[in-house]
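Report on one structure; see the data block that follows.
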Amino acid sequence: MSTRPSRLFHNMNAKIASVPMVLTAMVVFLGGSIWTVVYSFTDSKLLPREKWVGLDQYERLWGTNRWLVSIENLAIYGVLSLIFSLVIGFVLAALMDQKIRFEDVFRTIFLYPFALSFIVTGLVWQWLLNPDFGVQNVIRGIGFESFTFDPLYDADLAIYGILFAGLWQGTGLVMCLMLAGLRGIDEDIWKAARVDGIPAWKTYLFIVIPMMRPVFITTLVIITAGIVKLYDLVVAQTGGGPGIATEVPAKYVYDMMFQAQNLGQGFAASTMMLVSVIIILIPWAYLEFGGKRRG
Amino acid sequence: MADVTTNPAPRIIDGPRGRKPTRALSGRNIMIYGTLIVVALYYLLPLYVMVVTSLKGMPEIRMGNIFAPPVEITFQPWVKAWAEACTGLNCDGLSRGFWNSVQITVPSVFLSIAIASLNGYALANWRFKGANIFFTILIIGAFIPYQVMLYPIVILLREAGLYGSLTGLIIVHTIFGMPILTLLFRNYFSSVPEELFKAARVDGAGFWGIYFRIMLPMSLPIFVVAMILQVTGIWNDFLFGVVYTRPENYPMTVQLNNIVNSVQGVKEYNVNMAATLLTGLVPLIIYFISGKLFVRGIAAGAVKG
Amino acid sequence: MKMMRMMLAASTAIGIAGGAWAEDLEITHWWTSGGEAAAVAEFAKAFDATGNKWVDGAIAGSGNTARPIMISRITGGDPMAATQFNHGRQAEELVEAGLMRPITEVAEAEGWANAIAAPGLLESCTLDDELYCVPVNIHSWQWLWLSNKAYEEAGIPVPKNWAEFVASGPKLQEAGKVPLAMGKQPWQAAGAFKVLVLSLGGPELYTKVYDEKDSEVAAGADMIPIWQAADEMRKLAAGSNVQEWNQATNLVITGQAGGQIMGDWAQGEFQMANQVAGTDYTCLPGLGDQPYLSTAGDAIYFPLLSDDAKSAAQLELASVLFSSEAQLAFNAKKGSLPVRKDLDLAEANDCMRQGLDILAKGNIVADTDQLISPDTNTQIQDLMIQFVSDMNMTPEDAQARFAEIIADAD
């Protein structure tokens, strides 16, 4: 995977093909981010306006309990969601890859939550997790009177209730990505492993997964981006409650921008999110692109 | 890795990935299908609730037993969701925006995948100086919540004279699909065996030749994943569709939103469920049929050839 | 026909012959539920009768959904001809930025000031002596909806005021019922709280807190009973496990809950469930204590257009929206009260009549939407939802934080 042809004339095509990417990166994402950061130093309300207030928005942000709770929630949700998505997604993909019958059916079943608007599927989860008419009620009906399962209504558990639905919605896509990765692994590798008498689980763990590193990175970015932007799930299921127990940063940003009509505060919050992402991504980019790959 | 690919195992044997075992009820099969079925049930539970609810009348729903099958099955909610639900004055349900959604989704999916796959290809195989800097910015872009970019994009489109046009919307979808898709393709292409690329170069194939004759046919599964991502995202998009186009181009999700998202009014849960399921049908069909492209072995064959 | 004549009269009165051309005007709004859509159809019918055409742009979900879309359209240079906003302070900046047009000439020519049910409704549409919006309906928050069935089953009479309601709580709980149904969304908690302020504390206290933003009053002794009531409220609502307001209303309809504090739109749910006011359910405006209502509602604003003919048609639209016929037809379908006081509401039910009586007496205050900014409102919502769901937060702490928010309010 070292560098291919040198950067000379014949690479012109690659440069032409990359024009949309360069424009998008520079004009939209870089330009848009700078615009956002600049306006986070203003007291823009409904409309952006250049009335500078220095760091006021940031002071208010970090003095707001709801923002702190949001960050904590995102951390809990993020770590758990990342681990479970990857594990469940990979195991499902590995099972699907055993030349099973009805692969199309199973794949569609695992993937369908991804296709449905979360406004309503979130409502269904809200029902399922509701103690009065959801799972708890049914299990009590069978005779387990003391069974308690009401994660959305307990401030300490609510974020895990959201995780339930989040995994339900997101693991199908992870499974698909993994499946595509597995299908990209050469059949001969499996044969070779068999010949050497390596058990299947060892082959997965020590040969296949390392070979799928690029797919894992892609998946990791997709999952993490989804986590950072977590919004619909929360709105549809708890609206941030009970109390502010399931508030998340993206929801804070939107609520500030559009409901509170305080663009400056929303931009300050989104700038903080952006900064965190950059702090995590830049070292990764350096590792990924730096070193041996260059040259 | 190169060693393994270039030294294929000498004989074919049945392994975990071998041919389907003839015995249907082997312990291994029971484990695999057992697990898949149990997990599938967890996935299907909410769907069951949705379907059952969509077939009930409102009085039955008010009784609150979400698991009970409908006492009296009614398809009226489905009819209403598709053809009768009112969006303000226009009482023709989801059917109103269906073709608009198709007109938005098809070109957006095509354009975004075409551009992103070329980006990924250039980044993986024809890297030029500075490419990774743009790529890193792009990846950071994947983490920015869409809503934050709403107003800057309004300004950009206004200045470009594209505000309110279908073209503008297609460009917006292409832009926001680009980070993830480019990453997807770049990482997939970079795992394609290098020998293939070198051989093609020796044969005199250029940038476009290698893309169309080698990369594209070898990467069908990842194109499927990209298509799944984009069809789902764009078909279900509501915000961009409604902010960046005019009412005559509004996608189906505007009607869906209007049906399910009313704040101060009576909520018809059965119609909400039916509308959601109807809207989800198109991506679901794509998921189901696209499975045919989840194939293996083209890569292996190509190496040997 | 009568409508036609009136329209023509209106347009000549203001010296514009706009009616001569047929214009298509796009109107965006978030009235999308069944009854709301039927109500909008009445406006459209009335406007179409002028020879123009109402092009409907409905987008459900007020706050985070519809508003950014409307603002994008207006700032993106592709504005609609008219758009709904809650009247109050939400559209202020658009007006200040010169993106909206005044409709003062129509209002003056037609004497709206004399016909309006509550002067505050026009005042909140006014900026620098120009009128920028047409208020189209009145909603009020100060209602306690009670389930007659629940009280019957608990074997106690239906309460007549807040104190009786609180006292009835334990009996309801014994009968296995939730005394107070309350959805777990912030706006519902904040709404119920402002009802307590007005209905228990009276209009003066309400005005000092929400209008004058007097943080000393907010922190002071007058507010202590209100916070105690709020404390009782959250205890009564503790067993209410629903999110949406209408799910909470449904608990009242089915007799699983004793009552709910919710705006008059809850009545639509009772009607849909074939419940009759007075026999199946009881309504207590002002919680049965202080008979005052706050007048919140919707208003239509008019973005500035470059097309002269369309601009003229905007004035015609404004005139139609305020006309007696359209007001009657719209509000009958929507279940809200008309903004004109010179109308005869023959079909109003028991609860609506009580509301009308209060309006007729002039026992009206401006809604918090008109008094505090959306930013402050959001802060109050965040506080109230925490207070309601976290029993560890004492009323004293909550009051102190509330006073801080009021002190910072703009």
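Just so you know, all these numbers are worked out from the coordinates, no wet-lab data involved. Please read all numbers here as calculations on a predicted model, not as lab measurements. All Cβ positions, even for glycine, are placed from backbone atoms using ideal geometry, and neighbour counts span all protein chains on display.
Sort by residue number and report every cysteine in the protein assembly as shown with no other cysteine beta carbon within a distance under 4.7 Å.
Lacking a cysteine Cβ partner under 4.7 Å: A:CYS176.
Report the FRET efficiency, 1/(1 + (r/R0)^6), for B:LYS292 and B:PHE212, where r is their Cβ-Cβ distance and R0 is 30 Å, rounded to 0.05.
Details: r = 21 Å, r/R0 = 0.70.
My answer for the efficiency is 0.90.
Okay, helix-only estimate at 222 nm for chain A: each DSSP H run of n ≥ 4 adds -39500 (n - 2.57), divide by all residues, round to 500 deg cm²/dmol; what do you get? Write out the running numbers ahead of the final one.
Working: 14 runs with 180 residues, N = 295.
Helices in chain A give a 222 nm mean residue ellipticity of -19500 deg cm²/dmol.
Mind giving me the nanometre distance, one decimal, between the label points for A:VAL27 and A:ALA75, set 7 Å out from Cα along Cα→Cβ?
4.0 nm
Could you give the radius of gyration (one decimal) and Dmax (whole number) of the Cα atoms in chain B, in Å?
24.2, 73
Report, in whole Å, the centroid distance computed from the Cα atoms of the range B:65-128 and the range A:33-102.
One Cα centre to the other: 26 Å.
Report the calculated FRET efficiency for C:GLU396 and A:ILE279 (r = Cβ-Cβ distance, R0 = 51 Å), to the nearest 0.05. Show your work: numbers first, answer last.
Details: r = 40 Å, r/R0 = 0.79.
My answer for the efficiency is 0.80.
What number do you get for the range A:131-230 when its Cα radius of gyration is normalised by 2.2 N^0.38 Å, N = residues? Show your work: numbers first, answer last.
Values: Rg = 20.4 Å, N = 100, 2.2 N^0.38 = 12.7 Å.
Computed over Cα atoms of the range A:131-230, the ratio equals 1.61.
Can you list, largest first and rounded to whole Å, the semi-axes you get for the range C:213-272 by taking the square root of 5 times each eigenvalue of its Cα gyration tensor?
Values: eigenvalues 173, 40, 15 Å².
After diagonalising the Cα gyration tensor, the semi-axes are 29, 14, 9 Å.
Which residue fluctuates most in the GNM of chain C (Cα springs below 10 Å): C:GLU36, C:GLU316, C:GLU93?
C:GLU93
Normalized C-alpha radius of gyration of chain C, against 2.2 N^0.38 Å? Don't jump to the answer; show the numbers that get you there.
On the way: Rg = 21.8 Å, N = 410, 2.2 N^0.38 = 21.6 Å.
The value comes to 1.01.
Can you grab the distance from the C-alpha centre of the range C:314-386 to the C-alpha centre of the range B:194-242, Å, no decimals?
What the calculation gives is 57 Å, centre to centre.
Hey, can you grab everything whose amide H is under 5 Å from the amide H of C:ARG340? Only 5+ residues off in sequence or another chain; H modelled, so Pro and N-termini drop out.
C:ALA117
What number, in percent, do you get for the relative contact order of chain B if the mean sequence gap of Cα pairs under 8 Å and at least 6 apart is divided by its residue count?
Values: 283 pairs, mean separation 84.5, N = 305.
After rounding, I find 28 percent.
Just to be sure I follow: if Rg is taken over the C-alpha atoms of the protein assembly as shown and Rh is the Kirkwood radius over the same atoms, what is Rg/Rh? Write out the running numbers ahead of the final one.
Working: Rg = 30.3 Å, Rh = 30.5 Å.
Dividing the radius of gyration by the Kirkwood radius yields 0.99.
For the range A:1-128, divide the Cα radius of gyration by the Kirkwood radius and give the resulting Rg/Rh value with two decimals.
Working: Rg = 23.6 Å, Rh = 21.0 Å.
My calculation of the ratio gives 1.12.
Below 18 Å, Cα to Cα, which aspartates and glutamates can C:LYS235 reach? Residues fewer than 8 away in the same chain don't count.
Cα-Cα hits under 18 Å: A:ASP154, C:GLU164, C:GLU174, C:ASP390, C:GLU396, C:ASP397.
So which lysines pass the test for A:LYS99, namely a Cα distance under 17 Å, with those fewer than 8 places away in the same chain ruled out?
Reachable lysines: A:LYS191, B:LYS20, B:LYS292.
Can you list the aspartates and glutamates whose alpha carbon sits under 20 Å from that of A:LYS202, skipping same-chain ones fewer than 8 residues off?
Within reach: A:ASP97, A:ASP186, A:GLU187, A:ASP188, B:ASP3, B:ASP14.
Report the normalised scattering of the range C:132-239 as log10 I(q)/I(0) at q = 0.10, 0.12 Å⁻¹, calculated by the Debye formula with identical scatterers on the alpha carbons.
Each listed q maps to, in turn, -0.35, -0.50.
Take A:LEU23, A:LEU92 and order them by how many other Cβ atoms sit within 10 Å, fewest up front.
Lowest count first: A:LEU23, A:LEU92.
Across 10 Å bins from the origin, how do the percents of Cα pairs in the range C:256-410 run, short distances first?
Calculated over all Cα pairs of the range C:256-410, the distribution is 8, 26, 30, 24, 10, 2, 0 percent.
Residues of the range C:368-391 with amide nitrogen under 13 Å from the 7 Å Cα-to-Cβ point of C:ASP408?
C:375-383
Could you compute the net charge surrounding A:VAL53? Neighbours are other residues with a C-beta less than 15 Å from the C-beta of A:VAL53; K and R count +1, D and E count -1. Intermediate values should be presented prior to the final figure.
Numbers: positive: A:LYS45, A:ARG49, A:LYS51, A:ARG60; negative: A:ASP43, A:GLU50, A:ASP56, A:GLU59, C:ASP375, C:ASP408, C:ASP410.
Here the charged neighbours net out to -3.
In what order do B:MET31, C:MET352, C:MET70, C:MET393 fall by count of nearby beta-carbon atoms within 10 Å, going from fewest to most? Write down the numbers at each step before the final one.
Details: B:MET31 12, C:MET352 20, C:MET70 24, C:MET393 17.
Ranking B:MET31, C:MET352, C:MET70, C:MET393 by Cβ neighbours within 10 Å, fewest first, gives B:MET31, C:MET393, C:MET352, C:MET70.
From the backbone phi of the range C:130-142, what are the Karplus-calculated ³J(HN,Hα) couplings (6.51 cos²θ - 1.76 cosθ + 1.60, θ = phi - 60°) in whole Hz, Gly and Pro given as x?
So the J values, rounded to whole Hz, are 10, 8, 10, 8, 9, x, 10, 7, 10, 10, 10, 8, 7.
What does the net charge come to around B:TYR188 if you take all other residues with beta carbon closer than 13 Å to its beta carbon, with K and R at +1 and D and E at -1?
Working: positive: A:ARG183, A:ARG213, B:ARG186; negative: none.
The answer is +3.
Per-residue counts of other Cβ atoms within 10 Å, averaged by peptide: what ranking do you get for C:45-51, A:145-151, highest first?
The packing order, highest mean first, is C:45-51, A:145-151.
Let me see the pair-distance distribution of chain A: every alpha carbon pair, 10 Å bin width, integer percents in order.
Result, from short to long distances: 5, 20, 26, 25, 17, 6, 1, 0 percent.
Here are some pairs, A:LYS45/A:LYS229; B:LYS56/C:LYS45; B:LYS267/C:LYS310; C:LYS334/C:LYS361; C:LYS160/C:LYS361; A:LYS15/B:LYS198; which of them have Cα atoms lying more than 26 Å apart in this structure?
From A:LYS45/A:LYS229; B:LYS56/C:LYS45; B:LYS267/C:LYS310; C:LYS334/C:LYS361; C:LYS160/C:LYS361; A:LYS15/B:LYS198, over 26 Å: B:LYS56/C:LYS45; B:LYS267/C:LYS310.
What helices in chain C pass both tests, a Cα length along the helix axis of 24 Å or more and a mean Kyte hydropathy of 0.0 or higher, using whole DSSP H runs? Don't jump to the answer; show the numbers that get you there.
Working: long enough: C:186-206 (25 Å, 0.64).
Span-like helices here: C:186-206.
Please compute the contact order of chain C in relative form: average sequence separation of alpha-carbon pairs under 8 Å and at least six residues apart, divided by the residue count, as a percent.
On the way: 740 pairs, mean separation 111.7, N = 410.
Value for chain C: 27 percent.
Given 25 °C and 0.890 mPa s, compute D for the range B:21-74 with the Stokes-Einstein relation, Rh being the Kirkwood radius over Cα pairs; round to the nearest whole µm²/s. Write out the running numbers ahead of the final one.
Numbers: Rh = 13.4 Å.
Reported coefficient: 183 µm²/s.
Grab the other residues whose beta carbon is less than 9 angstrom from that of C:PHE47, score K and R as +1, D and E as -1, and report the net.
On the way: positive: C:LYS45, C:LYS53; negative: C:ASP48, C:GLU316.
Combined, the nearby Lys, Arg, Asp and Glu give 0.
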